[in-house]
1. With the checklist (1) assigned to a loop (DSSP other than H, G, I, E, B); (2) surrounded by 18 or more Cβ atoms within 10 Å (Cβ to Cβ) in hand, flag the one item TRP349 doesn't pass.
2. Taking the condition assigned to a helix (DSSP H, G or I) and either open to solvent by 20 Å² or more (accessible area, probe 1.4 Å) or without any contact (Cβ under 8 Å) to a residue 12 or more places away in the chain (or both), does GLU110 pass?
3. Would you point out the residue of the range 190-215, among those that are in a helix (DSSP H, G or I) and touching a strand residue (DSSP E or B) at 6+ places or on another chain (Cβ under 8 Å), that is surrounded by the most Cβ atoms within 10 Å (Cβ to Cβ)?
4. Which of the residues spanning the range 374-398 are under 21 Å from ILE328 (Cβ atoms), part of a strand (DSSP E or B) and at pLDDT 95 or above?
5. Just one of the numbered conditions (1) touching a strand residue (DSSP E or B) at 6+ places or on another chain (Cβ under 6 Å); (2) assigned by the TED database to the domain that holds TYR61; (3) not in a loop (DSSP other than H, G, I, E, B) is not true of ALA187; which one?
6. Might you check whether a residue that is farther than 30 Å from LEU288 by Cβ, open to solvent by 50 Å² or more (accessible area, probe 1.4 Å), at pLDDT 85 or above and not polar (S, T, N, Q) occurs anywhere in the range 26-34?
7. Whether any residue in the range 133-148 is open to solvent by less than 30 Å² (accessible area, probe 1.4 Å) and either under 30 Å from LEU267 (Cβ atoms) or of a type in the set (A, V, I, L, M) (or both) is what I want to check.
8. Which residue pairs have Cβ atoms closer than 8 Å, lie 6 or more positions apart in sequence or on different chains, and pair a first residue in the range 182-197 that is farther than 30 Å from VAL142 by Cα with a second residue that is charged (D, E, K, R) and in a strand (DSSP E or B)?
Amino acid sequence: MWCQRLAWLLRGCHGSPGRRWPQLPQAPRPILAAPARCQTTAPASPPCAWQLHQDHLELRYGSTVMRLDFVWLRDHCRSASCYNAKTKQRSLDTASVDLAIQPQAVRVDETTLFLTWPDGHVTRYGLEWLAKNSYEGQKQQVMHPRILWNAEIYQQAQVPSIDCRRFLETHEGLKEFLQNFLWYGIAFVENVPPTKEDTEIVAKRISIIRETIYGRMWYFTSDFSRGDTAYTKLALDRHTDTTYFQEPCGIQVFHCLKHEGTGGRTLLVDGFHAAEQVRLQAPEHFELLAKVPLKHEYVENVGDCHNHMIAVGPVLNVYPWNNELYLIRYNNYDRAVINTVPHAVVRRWYHAHRALTTELRRPHNELWVKLKPGKALFVDNWRVLHGREAFTGYRQLCGCYLTRDDVLNTARLLGLQA
């Protein structure tokens, strides 16, 4: 919902075709450059040109054309009095900036933009920094680089599992594991002792364990001890977990401790790959799935477990500035009554949902894995759907949910883009 509102706000800011931007009142002190005159620096690579307007600076650097609001330029000043370089925190009180502020002087050389403000304060920006951090620059960038896959792509990549000791004891092993996880949304650790305690040690290597209504570390058997189909021997269709949480759990860990029987293979599907196929083939379906909010619900009254969880969100969640998908909330078991969608939209939504489901269920998108004792699986629950085939006999798994922020924090500290 917030994505929809933000997109509306962004459209409102840019205005409709043929409509001029609203002009702010003229500041009492004039800008020391003619607004209509284009200033160009000496030849450089990449080339740079700039032009002053009533309320913003238009800056062309290489292939990027930026529209930088004067208030934004004053607010993001990196001088010692405005920004604490040691703590990486803003010192300037944004509310103290005059919303009608204009620079008194502007100068651009081959690498730097200089702005002198009415009080004499000078702000300096590297042009590379502006190109990267402007709205126009961010729109061209990907927040989270990924490799989209189907079963064949993943198998041909021959993504290695990481040995447990190397994972726990070396930065190289940890970094390789996290890079695989960030690229593919799944990663394996081999030779993990098949106990809940050792699985917890492995999980804590990359994140704080998230405690939920299912506990911290959980055992998972077919005893129907919880009001969930997962606690049976039945097959489970592909889905993401905790869609009924306001913030679905980010990462899930599975470790099969014992299985005395047949079946029970784990199904993995790259939801982002399927969504990208929908975007390419029917962009109107993708847009609808990203805008329409749905309720997801979990009701449980079994033994001492009494829970009623509700969350609202679209099936596909995208960053509004670059339309990059970052979360898929797909669980047909836990989707609540559709009562947030008007009649004029609901049929179109069903068509869009069917298109995505068709992609998710294509056999070539299904990666089947037999989990065995000693092989721990980490799944990006915001991206990769999981399921299982029916099984016989006694099957025991343990696992947990991890806090997404801490996993990404660990990756960034190792120099990875996350």
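The values are calculated or read from the model by the stated rules, or taken from the named source; none is laboratory data. In this text the structure is predicted, and so the values were computed from the model without any measurement. Every residue, glycine as well, gets a Cβ built from its backbone with ideal geometry; the counts of neighbours run over all protein chains shown. The protein model used for the area step is the full one, side chains on, heavy atoms only, and it has no ligands, DNA or RNA in it. Shrake-Rupley method; radii C 1.70, N 1.55, O 1.52, S 1.80 Å.
1. Result: TRP349 fails condition (1) only.
2. Considered against the rule, which asks whether it is assigned to a helix (DSSP H, G or I) and either open to solvent by 20 Å² or more (accessible area, probe 1.4 Å) or without any contact (Cβ under 8 Å) to a residue 12 or more places away in the chain (or both), GLU110 comes out as no.
3. By that ranking, first place goes to ALA203.
4. Those that are under 21 Å from ILE328 (Cβ atoms), part of a strand (DSSP E or B) and at pLDDT 95 or above: LEU377, PHE378, VAL379, ASP380, VAL384, LEU385, HIS386, GLY387.
5. All conditions are met except number (2).
6. no
7. No.
8. GLU190/ASP163; ASN191/ASP163; PRO194/LYS258
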